[in-house]
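S.K.: One structure coming up, written as structure tokens, with questions to follow.
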Amino acid sequence: MKMYLRLIQFLSCCVLCVYGWSDNRIRKFKDDFSFGVSTSAYQIEGAWNIDGKGESIWDRFLHNYPEVIADGRNGDEACNSYHQYKRDVEMLRELGVDHYRFSISWPRILPSGYPNIINEKGIQYYDNLINELLKYNIQPMVTLYHFDLPQPLQDLGGWINPLSVEWFEDFARVVFDKYGDRVKYWITINQPNDVCIQGYSGLMAPGIVSKGVGDYICVKNVMLAHAKAYRLYEREYKKKYNGQVGISLGLNWAHGKTNATENEEAAAIYRDFTIGLYMDPIWSEDGGFPRTVKERIAKKSKEQGFKESRLPTLSKEEIKLLKGSADFLGINHYTSFLVEPSGQQYDSPSIDDDMGVKISHNKEWRSSQSMWLKSAPYGIYRLCLYLNKVYKYPQIYITEHGWSTTTGLNDKSRVTTLRDYLSAILFAIEDGTDIKGYTVWSLMDNVEWIAGTSERFGLYEVDFDSKDKKRTARLSALVYKRIIEKRIVENDWLPDNWKIEKEREEL
Ligand code: PNW
């Protein structure tokens, strides 16, 4: 065990040295740097059919296909935050966070999806939560859409239907009207790439498979929905409330498996499809989807006998609507990938086939409880510097970063990851990126979509078998609290009661 830890220390040291982080200066987060934690409605609220809440696509998907959930636990009860929100805020106070990022369940406030019926009890729930947060000076950062579309709108085609742009705008209006006086940070959409690419791969709700076709139509509509909500706020609320509206993109770093030209080229393609596709429409100089992505999909589509490119075009007006439609960039960053050209056959059509690349992890990166998640802290540094260069200094909030473990309070691997990534962020700030805040995913263990509760992301452990979904602070919660308090990353700090445990282990 000791050997293993040494090895990890040695390896992370190597990584840091390679990138020139070996000096002994103490770097500090500024006082106005905002530390927070994140959750989402479906994953924590439970009360899926209580007090007039409508059905979401995740309710439907996991009720219909319980066998896809790793441990069978869906979001029907989750952490029961619908009834336990005061305990949640108590934990936020224990941590001393500056902001709390949570999402609003669209079907909880608009059960039909439309504003024809407004569920007052749902409105009241978020009112209570927001007021409770403000009472303790914790800034609410509110996501409008974190994967839980009202099922009645899915029955009309969901994000594939171009009307979805308007549905979202109407929903956003209700939310801005009700909470705009108190909420200053808005995130329109969480991870359009997951909403669309995963959403139409069959792995996530709505569980429809339409690879390389439906997913791209969804991307267009989701991006436009974001822009419409942004413009609505800009037009009708900004003057009065002076809040900021952004979007959270799932952005991981990727570079060539080796520095061979073909690998670097493959990595550039991968970045264009996973970063550029969502960044360019909002932050690039010309707007619209990346030229490389448009060309690749158009060429493939032609070869496959499609009359037009499977990637829908954006009109001049749509390009204009999207360009500049964010006050800040929310980054959800978890891991990095090594890229090489693919020798293998993918489903055709599909985004994998369009990209034609293969991704992997470096074998030396530390593993989490999730297959896809390995620790490569330099990745967040390189990603931020890349965005700075390509997109001209966007204002950034890290809106999610997290690590999964099994159950248990002694989550040292999460502590290490937290420290490594926060150190990398300090370097990125020093090297000119405008990072305003950082948000841990997640405040507490929750329903990890089809992984159920088999992968734990919480600073607080949740006992899902207990009646009140008891929450207990892990070691990482105490370490994060200390980081927030001191505004520095101390690699050897441990709370007193954990020191004893560590000494015992080392005997
Ligand atoms: C995020 N990746 O999804 C979601 O926003 C959360 O709801 C979720 O619980 C959390 O990450 C942990 O999974 C991700 O492939 C999906 O790197 C995929 C990736 C990262 C995050």
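S.K.: Give the residue that is nearest to GLY36 (Cα to Cα), with candidates limited to residues of the stretch 72-101 that are touching a Leu at 6+ places or on another chain (Cβ under 8 Å) and part of a loop (DSSP other than H, G, I, E, B).
M.R.: If we filter the stretch 72-101 for residues that are touching a Leu at 6+ places or on another chain (Cβ under 8 Å), which is where we start, we get 74-75, 85, 88-89, 91-92, 95, 100.
Next cut, part of a loop (DSSP other than H, G, I, E, B) only: 74-75.
Values: ASN74: 26, GLY75: 23 Å.
Residue satisfying both the conditions and the ranking: GLY75.
S.K.: Now for a separate question. Within the stretch 241-254, which residues are open to solvent by 30 Å² or more (accessible area, probe 1.4 Å) and either within 16 Å of the ligand (Cβ to nearest atom) or in contact with a Gly (Cβ under 8 Å, 6 or more places away or on another chain) (or both)? Give the steps one after another, and end with the answer.
M.R.: We begin by selecting, within the stretch 241-254, every residue open to solvent by 30 Å² or more (accessible area, probe 1.4 Å); these are 241-242, 244, 252.
Result: TYR241, ASN252.
S.K.: So in the stretch 355-395, with the set limited to residues that are away from the ligand (no atom under 15 Å from the Cβ) and of a type in the set (Phe, Trp, Tyr), which one is most open to solvent (accessible area, probe 1.4 Å)?
M.R.: It comes out as TYR393.
S.K.: To continue, here is another question. For GLY305, state whether it is at pLDDT 95 or above and open to solvent by less than 40 Å² (accessible area, probe 1.4 Å).
M.R.: no
S.K.: Related question: In the stretch 37-72, how many are within 13 Å of the ligand (Cβ to nearest atom) and of a type in the set (Gly, Ala, Ser)?
M.R.: Result for the stretch 37-72: 4.
S.K.: When you check ARG101 against the structure, is it within 16 Å of the ligand (Cβ to nearest atom) and within 22 Å of GLN191 (Cβ to Cβ), yes or no? First the steps, then the outcome.
M.R.: Values: within 16 Å of the ligand (Cβ to nearest atom): yes; within 22 Å of GLN191 (Cβ to Cβ): yes.
Here the answer is yes, as ARG101 does meet what is asked.
S.K.: Taking the condition of being open to solvent by less than 10 Å² (accessible area, probe 1.4 Å), β-branched (Val, Ile, Thr) and in contact with an Asp or Glu (Cβ under 8 Å, 6 or more places away or on another chain), how many residues in the stretch 396-435 meet it?
M.R.: Qualifying residue count, the stretch 396-435: 1.
S.K.: Let me ask something else. Of the residues LEU232, LEU277, which single one is part of a helix (DSSP H, G or I), over 19 Å from the mean Cα position of the chain (by Cα) and of a type in the set (A, V, I, L, M, F, W, C)?
M.R.: Details: LEU277 fails: over 19 Å from the mean Cα position of the chain (by Cα).
The unique qualifying residue is LEU232.
S.K.: Can you pull out every residue in the stretch 450-473 that is outside any strand (DSSP E or B), farther than 26 Å from TYR381 by Cβ and either open to solvent by 20 Å² or more (accessible area, probe 1.4 Å) or more than 11 Å from the ligand (Cβ to nearest atom) (or both)? It would help to see each step written out before you state the result.
M.R.: Initial filter on the stretch 450-473 (outside any strand (DSSP E or B)): 450-455, 457-459, 463-470.
Okay, now just the ones that are also farther than 26 Å from TYR381 by Cβ, so 450-454, 463-470.
Hits for the stretch 450-473 are ILE450, GLY452, THR453, SER454, ASP463, PHE464, ASP465, SER466, LYS467, ASP468, LYS469, LYS470.
S.K.: Restrict the check to the stretch 422-434 and report whether at least one residue is touching a residue at least 24 places away in the same chain (Cβ under 8 Å), touching a strand residue (DSSP E or B) at 6+ places or on another chain (Cβ under 7 Å) and within 15 Å of the ligand (Cβ to nearest atom).
M.R.: The answer is no; no qualifying residue exists.
S.K.: Any idea which of PRO111, PRO140, PRO152, PRO162 is open to solvent by less than 10 Å² (accessible area, probe 1.4 Å) and either within 27 Å of ASP88 (Cβ to Cβ) or not in a strand (DSSP E or B) (or both)? Lay out the reasoning, then the answer.
M.R.: Values: PRO111 fails: open to solvent by less than 10 Å² (accessible area, probe 1.4 Å); PRO152 fails: open to solvent by less than 10 Å² (accessible area, probe 1.4 Å); PRO162 fails: open to solvent by less than 10 Å² (accessible area, probe 1.4 Å).
Step by step, each of PRO111, PRO140, PRO152, PRO162 is checked, and only PRO140 is open to solvent by less than 10 Å² (accessible area, probe 1.4 Å) and either within 27 Å of ASP88 (Cβ to Cβ) or not in a strand (DSSP E or B) (or both).
S.K.: Continuing with this model, one more query. Scan the stretch 436-449 residue by residue and report those that are under 19 Å from GLY330 (Cβ atoms), in a strand (DSSP E or B) and either within 16 Å of the ligand (Cβ to nearest atom) or without any contact (Cβ under 8 Å) to a residue 60 or more places away in the chain (or both).
M.R.: TYR438, THR439, VAL440, TRP441
The values are calculated or read from the model by the stated rules, or taken from the named source; none is laboratory data. Quick caveat, the model's predicted, so the values are computed rather than measured. Glycine gets a Cβ as well: all are built from the backbone with ideal geometry, and neighbour counts include every protein chain shown. Ligands, DNA and RNA are excluded from the accessible area calculation, which covers all protein heavy atoms including side chains. Shrake-Rupley method; radii C 1.70, N 1.55, O 1.52, S 1.80 Å.
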